[in-house]
Amino acid sequence: MKLATLKDGTRDGELVVVSGDLSRCANVRDMVTTLQGALDEWESMAAPLRDIYHALNAGEVDETEPFDQARAMSPLPRAYQWADGSAYVNHVELLRKARDSELPESFWTDPLMYQGGSDGFLGPRDDIRLASEEWGIDFEAEVAIVTDDVPMGTTATGAGAHIKLIMLANDVSLRRLVPRELAKGFGFFQSKPASAFSPVAVTPEELGDAWDGGMIHLPLVTHLNNKLFGRVDCHVDMTFDFAALIAHAAKTRALCSGTIIGSGTVSNRDRSKGSSCIAERRMLEKLEHGAAQTPFMRYGDHVRIEMLDRNGKSIFGAIDQHVREYKPRR
């Protein structure tokens, strides 16, 4: 099943069911108006929504419209919780190595995770508006999952059952603001502006055998300014799968329905796969050449993040964003 949220002038948009080929959608306003509403009652809502999905794919829904990805908000335009992990320890190790910082052994056994701003996400085609190019504007191509209610103390063994939806993410980062924030010992805030998610969120069964219950066995494809930047395999070098990330997040607190958990930047040790963020490429350049060569994003730059199935069809639609100047109101 594929679900999306369309812009309708409200903060939370209108939930629609999207056809498997992303060509058409059907509103379900007589049943539920928002994705959060559906997640809050997932046990009773999933089956009727799935029935509409199957009918839509069979051409048996009378009232449909073309699915316009430009009208899509993030599937959850705002969420009760957005927690981003760092499941690819290879990525963390690389960034620390480049600045001559030792990687603690615990990083291989205990996930890193930060709590991001969830009060408002960018739509997948919304511009990334920032007041300065000097902040080190970067994208981070990721996979994310959405849970139902997760009890405190849930273990990795049972956590996979709480994964209800999967989507892609662009966790925008301002790299030159990161060091001074981390130096304070209290984590990210200014260096993590609004993230964006793919036009469509899908249920796990939609991925078929590409989903193993905790990770996706497909590449995540990123283009920067229309040039291939990375085609990175999501299952390779993923130290912590999503079940492990959920268990980590739920160790001391319950997670409410609609909690989003990200994988962190998808990264492979095989450098021929490219990268899913500029910072990683810069670190590789520094290690090889002594200095970074790839600049961070400037106004007008364009990033596209997408995942294709084994037949070359887009699964989630594309995150497709430009960086633009933001001029604060005086």
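The values are calculated or read from the model by the stated rules, or taken from the named source; none is laboratory data. Every value quoted in this text rests on a predicted model; they were computed, and no experiment measured them. Heads up, the Cβs are rebuilt from the backbone with ideal geometry, glycines too, and the neighbour counts pull from every protein chain shown. All accessible areas refer to the heavy atoms of the entire protein, side chains included, with ligands and DNA or RNA removed. Shrake-Rupley method; radii C 1.70, N 1.55, O 1.52, S 1.80 Å.
Considering only Cα-Cα distances, which of the following residue pairs are longer than 29 Å: 286/327; 7/251; 251/273; 164/192; 164/227?
On the way: 286/327 33 Å; 7/251 36 Å; 251/273 34 Å; 164/192 26 Å; 164/227 33 Å.
Among 286/327; 7/251; 251/273; 164/192; 164/227, the Cα-Cα distance tops 29 Å for 286/327; 7/251; 251/273; 164/227.
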Taking 7 Å along the Cα-to-C-beta vector as the label spot, tell me the residue 327-residue 50 distance in nanometres, rounded to one decimal.
5.2
Check cross-link reach from residue 313 to the lysines: straight Cα distance under 16 Å, and skip same-chain residues fewer than eight apart.
2
Multiply the residue gap between residue 110 and residue 155 by 0.36 nm, knock off their C-alpha separation, and tell me the result in nm, one decimal place.
14.9 nm
Accessible surface of the range 26-127 [probe 1.4 Å, protein heavy atoms]: carbon and sulfur percent
44
Label-point separation in nm, residue 298 to residue 29, each point 7 Å along Cα→Cβ:
4.5
Per residue, accessible area of the range 1-145 with a 1.4 Å probe, heavy atoms of protein chains only, in Å², comes to 46
For the range 156-203, give the percent of accessible area contributed by carbon and sulfur heavy atoms, probe 1.4 Å, rounded to a whole number.
61
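Per the 1.4 Å probe, what fraction of the accessible area of the range 255-324, in percent, lies on carbon and sulfur atoms?
45
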How far apart, in nm, are two points set 7 Å out from the Cα along the Cα-to-Cβ line at residue 181 and at residue 252?
2.1
So who's got an amide H within less than 5 Å of the one on residue 324, skipping anything under 5 residues away but keeping other chains? H placed 1.01 Å off N, in plane.
128, 129, 130, 300
Got the relative contact order for the chain handy, in percent, Cα pairs under 8 Å and 6 or more residues apart?
23
